[in-house]
Amino acid sequence: MTEPHSSEAGARRSRLVVLAGPTAVGKGTVAAAVRETHPEVWISVSATTRRPRPGEENGVHYWFVSEAEFDRMVAEDELLEWAVVHKAARYGTPRRPVEAALAAGRPAMLEIDLQGARQVRGTMPEALFVFLKPPSWEELVRRLVGRGTETEEERTRRLVTAREELAAEPEFDVTIVNHEVHAAAEQLVTLMTVGEERPSLRPDQP
Ligand code: 5GP
């Protein structure tokens, strides 16, 4: 269920949604579900210095760039925001495609980490900031372990980060609890595609 943090959130008109949340909450999976079922939604492709994982394609999942190329993008102010994520690699949002999508009137979405969301809050405060939350801490741990792509040391580091990231929820306009990926994706699209009127959002509990 979506939970508005203020009545103001329901009145915002921006077509740009910034989706953030703790590590392993399923932001990428929810974004992929939106991409699959709602081609009308434009989803930003980030640049990153990390290596592609098996099955990841350049220009689809990320723009995989060298450290030097990332330096150039930063120097030439080509990124709307960027951050070092998990102390491992740099990730950033190319600015121009976002501006073009918004100028074309398309609902647009960024799926980025918390540090990046805070930067966008500074430069594009009219965006709608959505926090994706796990149903429980235990579920988040289960998802992180279940993914099986990180080493033990890396998992521990990510769990420490996740605890800090969960505490950021009040900074966001709306929370979506990721009980089930397609339901979360639909809630997100509803927030994005409503034109003049946003739906009246009600919290799970009074
Ligand atoms: P992964 O390496 O697992 O694909 O992503 C790691 C983290 O990087 C995720 O939390 C994701 O939200 C974040 N991320 C992906 N793209 C960007 C970006 O453009 N900017 C920022 N700040 N974070 C990003």
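What the table below lists for this structure:
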quantity	calculated
In segment 45-68, residue surrounded by the fewest Cβ atoms within 10 Å (Cβ to Cβ) [restricted to those that are more than 9 Å from the ligand (Cβ to nearest atom) and either within 16 Å of MET192 (Cβ to Cβ) or free of Cβ contacts under 8 Å to residues at least 12 places away in the same chain (or both)]	PRO54
Scope segment 31-44; condition open to solvent by 30 Å² or more (accessible area, probe 1.4 Å) and either within 12 Å of the ligand (Cβ to nearest atom) or hydroxyl-bearing (Ser, Thr, Tyr) (or both); matching residues	ALA32, THR37
Residue match in segment 86-102 (condition: of a type in the set (Gly, Ala, Ser), open to solvent by 20 Å² or more (accessible area, probe 1.4 Å), closer than 23 Å to GLY21 by Cβ and within 11 Å of the ligand (Cβ to nearest atom))	yes
Number of the condition not met by ASP77 [criteria: (1) in contact with a strand residue (DSSP E or B) (Cβ under 8 Å, 6 or more places away or on another chain); (2) exposed (fewer than 13 other Cβ atoms within 10 Å of the Cβ)]	(1)
Which numbered condition VAL120 fails, given (1) over 19 Å from the mean Cα position of the chain (by Cα); (2) open to solvent by less than 70 Å² (accessible area, probe 1.4 Å)	(1)
LEU144 being within 13 Å of the ligand (Cβ to nearest atom), farther than 22 Å from ILE43 by Cβ and crowded, with 18+ Cβ neighbours inside 10 Å	yes
Boolean, ARG157 is open to solvent by 10 Å² or more (accessible area, probe 1.4 Å), over 14 Å from ALA20 (Cβ atoms), within 14 Å of the ligand (Cβ to nearest atom) and out of contact with any Gly (no Cβ under 9 Å at 6 or more places or on another chain)	yes
Subset of segment 104-114 (residues that are surrounded by 13 or more Cβ atoms within 10 Å (Cβ to Cβ), modelled with pLDDT under 95 and not aliphatic (A, V, I, L, M))	ARG106, PRO107, ASP113
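The values are calculated or read from the model by the stated rules, or taken from the named source; none is laboratory data. Bear in mind that the values here come from a model prediction, so they are computed numbers and not experimental data. Counting neighbours? That spans all protein chains shown, and the Cβs are built from the backbone with ideal geometry, glycine included. Remember, those area values only see protein heavy atoms, side chains included, never the ligands or the DNA or RNA. Shrake-Rupley method; radii C 1.70, N 1.55, O 1.52, S 1.80 Å.
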